[in-house]
Every structure is written in structure tokens, then in C-alpha cells.
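Below: one structure, written as C-alpha cells.
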Amino acid sequence: MYEHKIGPQNGAKVVAKAWADPAYKKRLLEDSTAAIAELGYTGVQGENMLVVENSPTVHNMVVCTLCSCYPFPTLGLPPVWYKSAPYRSRAVIDPRGTLAEFGVELPDSKEIRVWDSTSERRFLILPERPDGTDGWSEEKLAELVTRDSMIGVGFPKNPAEAQ
């Protein structure tokens with residue numbers, strides 16, 4: 001079930017649709033839960049979602065400082081590191097250093113926003129759409145989206161990797 005019906009492939013479809021469909025992206029950013037439900041991704045721990053968008057000036061990342069609140073319907077099971085005390089504390093204290101440990105190097109000029117997931121609200125990052133993907137289908141775009149890019153500790157794949 002987690003391999004085929006629940007998992008990061010669902011979130012990747014949400015992101016790809018937002019990249020390809022400006023009207024859907026607008027709905028997703030205005031009422032994330034309803035827009036995600038349009039694609040059939042609802043259920044426990046996905047009832048109150050907020051999608052935040054990365055941009056050229058802002059990079060977002062998600063942590064749950066209390067435990068491991070995670071949006072199961074869109075991302076599946078949380079990675080082990082997401083639940084670890086070091087990630088949960090360092091993401092808030094030193095987000096830039098934490099991101100660097102994941103290989104995410106950002107310029108000092110880029111603001112980093114850390115979103116604390118709770119039992120009431122779960123987050124999904126809308127990563128920046130990679131250059132060179134104009135005209136791509138949603139299916140092909142979804143191949144670029146990684147679980148880590150939807151948590152904010154990674155980037156989408158390079159378009160050359162999907163060709």
C-alpha cells in the first residue's frame with residue numbers, strides 16, 4: 001500500500017500539477033488541503049495541509065520539533081532522520097548548517113524559513129520548477145520531484161536525469 005497508493009509519488013503529482021497548471025497552483029497556495037484533495041490525496045494526517053513555495057529569494061524547510069508529524073497521504077512514511085532528535089533541534093537552531101549536511105548550499109542572501117509541523121497542521125514544500133522543463137507533461141515533471149525537495153532538505157532532480 002505504501003509503495004503504490006501512499007507515498008512521495010502522490011506529493012510529486014501535486015507539485016507537478018502546480019508547476020504545469022497556474023490555476024491549480026493558485027488554488028494549492030490558497031487552500032492547500034482542498035487542492036490536494038482534488039487529486040484524491042486525503043486522510044489521516046493530511047486533513048489540514050499548508051503548501052509553501054520556494055522562490056529565488058526564499059527557501060522553506062519542514063521539521064516537527066515535538067515528534068514526527070508528517071503528511072502521510074502526500075509523502076508516505078517519514079524518513080528515519082526526520083524523527084531524529086538531532087534533525088528536530090538543529091533544523092530550528094541552525095537551518096543553514098542542517099541544509100548543508102543534506103548537500104543544500106544556499107547563498108547567504110537567500111532567506112530560510114523553517115515550518116514546524118504539528119498534529120493540527122502539516123506542510124508540503126512546493127520546490128522551484130527546474131529550468132529547461134517548459135512544455136513537459138505533468139507525468140514527466142513528477143519524475144523530477146523528490147521527497148526531500150518536498151520537505152525542503154533537497155532539490156528536484158536535474159532535468160537531464162529524467163530524459
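The values are calculated or read from the model by the stated rules, or taken from the named source; none is laboratory data. Note that this is a predicted model, so its numbers are computed, not measured. FYI the Cβ positions are ideal-geometry reconstructions off the backbone, even for glycines, and counts take in every protein chain you see. Protein only, heavy atoms only, side chains kept; ligands, DNA and RNA dropped before computing areas. Shrake-Rupley method; radii C 1.70, N 1.55, O 1.52, S 1.80 Å.
Miscellaneous remarks
- Of the residues examined, residue 112 is one that is touching a strand residue (DSSP E or B) at 6+ places or on another chain (Cβ under 9 Å), open to solvent by 30 Å² or more (accessible area, probe 1.4 Å) and in a strand (DSSP E or B).
- Hits in segment 127-155 (condition: of a type in the set (Phe, Trp, Tyr) and within 16 Å of residue 57 (Cα to Cα)): 155
- Some residue of segment 88-102 being at negative phi, part of a loop (DSSP other than H, G, I, E, B) and open to solvent by less than 10 Å² (accessible area, probe 1.4 Å): no
- Residue satisfying all of: in segment 115-148; outside any loop (DSSP other than H, G, I, E, B) and touching a Lys or Arg at 6+ places or on another chain (Cβ under 9 Å); farthest from residue 22 (Cα to Cα) among these: 115
- Residues of segment 7-61 that are closer than 27 Å to residue 98 by Cα and assigned to a loop (DSSP other than H, G, I, E, B): 7, 45, 46, 48, 54, 55, 56, 57.
- Pairs meeting the criteria (first residue in segment 87-101 and closer than 17 Å to residue 66 by Cα, second residue part of a helix (DSSP H, G or I), beta carbons under 8 Å, at least 6 apart or on different chains) are 87/81; 87/98; 90/97; 90/98; 91/98.
- Apart from one condition, residue 69 fits all of (1) closer than 19 Å to residue 18 by Cα; (2) buried (at least 20 other Cβ atoms within 10 Å of the Cβ); the exception is (1).
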